[in-house]
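Read the structure below first, then the notes.
The values are calculated or read from the model by the stated rules, or taken from the named source; none is laboratory data. A quick note: this is a predicted structure, and the numbers were derived from the prediction, not measured. FYI the Cβ positions are ideal-geometry reconstructions off the backbone, even for glycines, and counts take in every protein chain you see.
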Ligand code: C2E
Ligand code: CA
Ligand code: CA
């Protein structure tokens with residue numbers, strides 16, 4: 001708004017736009033009314049003017065006719081030889097009055113108030129109101145008669161009468177004058193010598209009323225010129241000072257009078273209404289103006305938000321559609337083309353269900369529901385776009401009404417393809433294993449829930465828990481890419497071995513589950529397991545390696561182990577444990593006594609915990625001799641558990657369990673400390689050997705543990721030997737190397753235990769800081785069976801020696817074995833043949849009895 005020309009008060013408050021509008025509308029209305037009224041008055045005035053003109057015309061006509069009548073009448077008297085003979089010269093009163101040739105009848109019948117015969121000198125004959133009088137005509141009227149005579153006598157045609165208006169006895173009258181002439185053939189009379197006949201027709205009210213009547217003039221009267229009102233239809237009567245008037249009809253005024261009261265009433269009502277409207281409009285206008293102010297303020301914000309909205313709409317992938325009651329598409333917005341790639345022409349007129357598909361409900365049904373429930377939710381539909389790609393959209397709709405009848409629907413379709421894809425991906429990730437793409441534990445749980453929900457009525461199923469043998473070593477020695485390749489190949493083989501209706505899931509690590517649907521008989525399951533194990537046994541080629549793995553399977557069957565998914569998994573797991581313990585590459589069905597074993601295991605675990613607290617362990621000691629048996633070079637500490645009810649238990653009964661729990665850590669520390677403390681009691685500086693568990697390496701800081709014990713017991717590190725199996729290195733190649741180097745730095749000896757049973761040997765030997773190796777007792781046991789096995793032992797001895805390691809043969813049970821080892825130049829020997837593991841006291845006794853080769857042990 002421009003305020004530059006505004007007064008200060010205006011400037012303070014502009015007339016707001018809405019109020020101006022209201023005022024303008026009101027003004028226009030008033031103007032309209034005014035124009036109408038003016039037009040009405042104008043018409044009325046025109047009518048009245050016309051009325052005046054007409055009245056004037058008719059008055060003139062009436063007067064003219066009267067005059068013409070008078071002229072004709074007087075002519076009949078004046079242009080008459082008899083009258084000339086009796087009136088010209090001396091008037092024959094006898095003839096004129098007495099004989100009534102020009103007597104009273106002119107008054108009584110013809111209404112002439114005066115009849116005069118005059119000449120230039122005098123009035124020769126006078127009849128006033130029918131009475132013959134001796135009087136001058138001028139006594140009755142003020143018309144200059146000489147002029148009249150001059151006019152008459154000067155005419156070419158003397159017979160033509162003349163007319164004068166005059167006051168006769170004070171009242172206007174028309175005086176008709178004519179020269180008295182003979183109408184026979186006598187010679188022409190000299191005009192100067194003629195007399196003049198005057199007929200005076202006084203314009204009395206009675207005569208005028210009569211005259212007016214015959215011309216449709218009401219109240220034709222005479223009015224003094226001085227009393228004339230404006231706009232009157234007045235015909236002036238020369239110098240009489242009077243005019244002829246007639247009452248005007250005044251049709252305009254009549255019109256006004258007839259129209260104005262109802263018009264006025266109507267206007268009044270209208271005015272009231274207008275006032276009301278005005279007040280209301282002004283109030284509304286004020287409100288609107290008030291909001292206009294804030295509107296003005298928020299306009300910028302609005303514009304900004306509109307801008308944003310437009311941007312959103314542009315960016316949005318919504319398109320708008322309309323269909324008729326037959327579901328035929330009648331409209332598609334511009335974005336339809338952008339989003340779908342189709343032109344709208346391709347789809348207009350087609351059934352919308354040809355375009356969109358909803359897998360949960362027919363679209364028609366959903367649309368129908370919208371009529372009842374305006375708040376019905378949106379519908380997720382799918383369609384194939386122009387390039388044939390499956391897309392998804394969220395469809396909203398509103399019925400279109402025409403007089404309460406639904407004539408169609410209109411709505412939007414928001415493209416949610418990305419959303420659906422993202423959702424599907426999240427869904428997939430949450431239900432699948434990222435590496436192999438196999439279903440994971442969650443999906444397995446869902447699958448089992450669905451498959452077992454009908455309980456006894458459900459189709460039977462077999463749940464196979466599959467665990468890979470030898471997987472960890474591959475993963476650790478060749479790295480995770482190799483492990484991943486193996487898992488991928490295994491996943492593929494599992495898939496290939498199963499049918500469509502079966503499920504293969506990976507639970508993590510090298511654990512898989514196969515759910516066989518509709519299967520319950522052992523023969524069938526056995527066939528499957530055999531096939532599966534055979535398939536998994538086939539070497540897996542990874543880079544240059546040919547990797548060999550196997551599998552163990554534990555089986556639970558729904559018809560026997562029930563319909564609780566978690567219970568089925570637990571049972572298969574127990575069976576797997578059994579299968580593994582029975583020797584790998586086999587399968588085991590769950591049987592209830594396995595539950596007892598599990599129960600037993602649980603009991604053992606709690607007992608073991610108790611044992612660690614109660615110090616229920618003891619050490620037995622088994623000496624190691626020089627191969628010639630001349631002296632004890634070291635002694636191995638072997639742990640035993642004095643079980644409160646089960647008696648003395650060997651390490652195989654509880655070490656694996658301890659390794660599976662964190663109990664291995666305190667147990668190992670106890671062994672280490674006990675071994676060192678005991679060794680301190682021995683005479684001399686006999687070396688003590690302590691076994692380390694691979695689990696220890698994972699669960700505690702072995703180096704720190706050893707250091708602590710050495711410090712606490714003040715046992716010389718040089719007298720401590722640690723026996724470590726290859727498994728330690730298999731689990732974490734680099735980590736194990738670091739730990740072993742650190743152990744070596746403590747000053748202890750390292751012996752590789754159970755050499756030959758592990759995965760690979762030679763590489764480790766070179767890399768790791770071992771001082772010696774212990775050939776596993778299985779090689780020693782088999783040595784006497786075949787020359788081939790002996791050759792293996794020989795080769796190991798030679799290898800160890802070549803690497804500068806002390807080679808020990810363990811499990812020496814016979815003299816023959818001892819002999820062979822001796823001739824093969826093995827360094828040291830250990831075994832029942834030399835000494836069984838014996839308790840502390842027995843070993844102390846042994847030492848006291850001398851270090852010679854005993855024939856018997858504990
Ligand atoms: P290992 O380290 O190989 O120990 C030698 C095992 O062979 C001992 O069994 C021993 O009694 C047995 N043995 C010795 N000579 C002969 C023989 O001539 N013939 C036969 N058949 N066996 C013989 P043990 O004491 O039952 O120990 C079994 C395993 O338990 C040990 O195998 C070792 O790996 C583990 N172990 C024993 N004590 C401990 C310990 O304190 N800590 C850890 N981590 N493991 C231990
Ligand atoms: Ca050992
Ligand atoms: Ca061993």
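Assorted remarks:
- Answer from 451, 482 - the residue that is assigned by TED's automatic domain parsing to the domain that holds residue 558, farther than 30 Å from residue 726 by Cα, assigned to a helix (DSSP H, G or I) and touching a strand residue (DSSP E or B) at 6+ places or on another chain (Cβ under 8 Å): 451
So that you can scan it fast, the table gives a plain yes or no per residue for (1) part of a strand (DSSP E or B); (2) surrounded by 12 or more Cβ atoms within 10 Å (Cβ to Cβ):
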{"site": "115", "(1), (2)": "yes, yes"}
{"site": "121", "(1), (2)": "no, no"}
{"site": "126", "(1), (2)": "yes, yes"}
{"site": "155", "(1), (2)": "no, yes"}
{"site": "158", "(1), (2)": "no, yes"}
{"site": "164", "(1), (2)": "yes, yes"}
{"site": "186", "(1), (2)": "no, no"}
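- Only residues that are more than 15 Å from ligand 3 (Cβ to nearest atom) and outside any helix (DSSP H, G or I) were counted across the range 760-809, and they come to 10.
- Inspection of the range 840-855 identifies no residue that is within 16 Å of ligand 3 (Cβ to nearest atom) and crowded, with 20+ Cβ neighbours inside 10 Å.
- Candidate set: the range 680-696, residues that are within 16 Å of ligand 2 (Cβ to nearest atom) and in contact (Cβ under 8 Å) with a residue 40 or more places away in the chain; chosen: the one surrounded by the fewest Cβ atoms within 10 Å (Cβ to Cβ): 687
- Counted residues, the range 764-774 - those being within 9 Å of ligand 1 (Cβ to nearest atom) and more than 13 Å from residue 826 (Cα to Cα): 0
- Restricting attention to the range 743-766, the residues being at pLDDT below 90 and under 15 Å from residue 800 (Cβ atoms) number 10.
- Conditions (1) in contact with a strand residue (DSSP E or B) (Cβ under 7 Å, 6 or more places away or on another chain); (2) in a helix (DSSP H, G or I): number failed by residue 380: (2)
- Exactly one residue among 617, 590, 528, 621 is within 16 Å of ligand 2 (Cβ to nearest atom) and either at pLDDT 90 or above or within 30 Å of residue 819 (Cα to Cα) (or both), and that residue is 621.
- First in the range 810-822 and over 12 Å from residue 834 (Cα atoms) and assigned by TED's automatic domain parsing to the domain that holds residue 756, second anywhere and in a loop (DSSP other than H, G, I, E, B) and more than 16 Å from ligand 3 (Cβ to nearest atom), Cβ under 9 Å, 6 or more apart: 816/784; 820/784; 821/627; 822/627; 822/628; 822/629
- Single residue of the range 808-817 satisfying the filter (out of contact with any strand residue (DSSP E or B) (no Cβ under 6 Å at 6 or more places or on another chain) and on the phi < 0 side of the Ramachandran plot) that is nearest to ligand 1 (Cβ to nearest atom): 813
- Qualifying positions in the range 310-334 - at pLDDT 90 or above and part of a strand (DSSP E or B): 321, 322, 323, 324, 328, 329, 330, 331, 332
- Flag for residue 662 being closer than 28 Å to residue 829 by Cβ and either outside any helix (DSSP H, G or I) or out of contact with any helix residue (DSSP H, G or I) (no Cβ under 8 Å at 6 or more places or on another chain) (or both): no
- Flag: residue 813 does not match the condition of being away from ligand 2 (no atom under 15 Å from the Cβ), surrounded by fewer than 17 Cβ atoms within 10 Å (Cβ to Cβ) and assigned to a helix (DSSP H, G or I).
- In the range 689-714, residue farthest from residue 622 (Cα to Cα) [restricted to those that are outside any helix (DSSP H, G or I) and in contact with a strand residue (DSSP E or B) (Cβ under 8 Å, 6 or more places away or on another chain)]: 692
- Residue within the range 337-345 that is within 18 Å of the chain's Cα centre (by Cα) and either assigned by TED's automatic domain parsing to the domain that holds residue 406 or part of a loop (DSSP other than H, G, I, E, B) (or both) present: yes
- In the range 775-783, the count of residues that are farther than 23 Å from residue 727 by Cα and either away from ligand 1 (no atom under 16 Å from the Cβ) or assigned by TED's automatic domain parsing to the domain that holds residue 689 (or both) is one or more.
- Scanning the range 224-280 for residues that are assigned by TED's automatic domain parsing to the domain that holds residue 170, part of a helix (DSSP H, G or I) and surrounded by 16 or more Cβ atoms within 10 Å (Cβ to Cβ) returns a single hit, 240.
- Considering the conditions (1) away from ligand 2 (no atom under 15 Å from the Cβ); (2) over 60 Å from the mean Cα position of the chain (by Cα); (3) buried (at least 16 other Cβ atoms within 10 Å of the Cβ); (4) modelled with pLDDT under 85, residue 740 is excluded by exactly one of them, (4).
- Test: residue in the range 426-437 that is part of a helix (DSSP H, G or I), farther than 30 Å from residue 369 by Cα and within 25 Å of the chain's Cα centre (by Cα): yes
- Within the range 519-619, helices (runs of 4 or more DSSP H) holding 1 or more residues that are out of contact with any helix residue (DSSP H, G or I) (no Cβ under 7 Å at 6 or more places or on another chain) and surrounded by 19 or more Cβ atoms within 10 Å (Cβ to Cβ): 522-537, 565-581, 592-614
- Of all the residues in the range 201-221, those that are assigned to a strand (DSSP E or B) and surrounded by fewer than 18 Cβ atoms within 10 Å (Cβ to Cβ) number 3.
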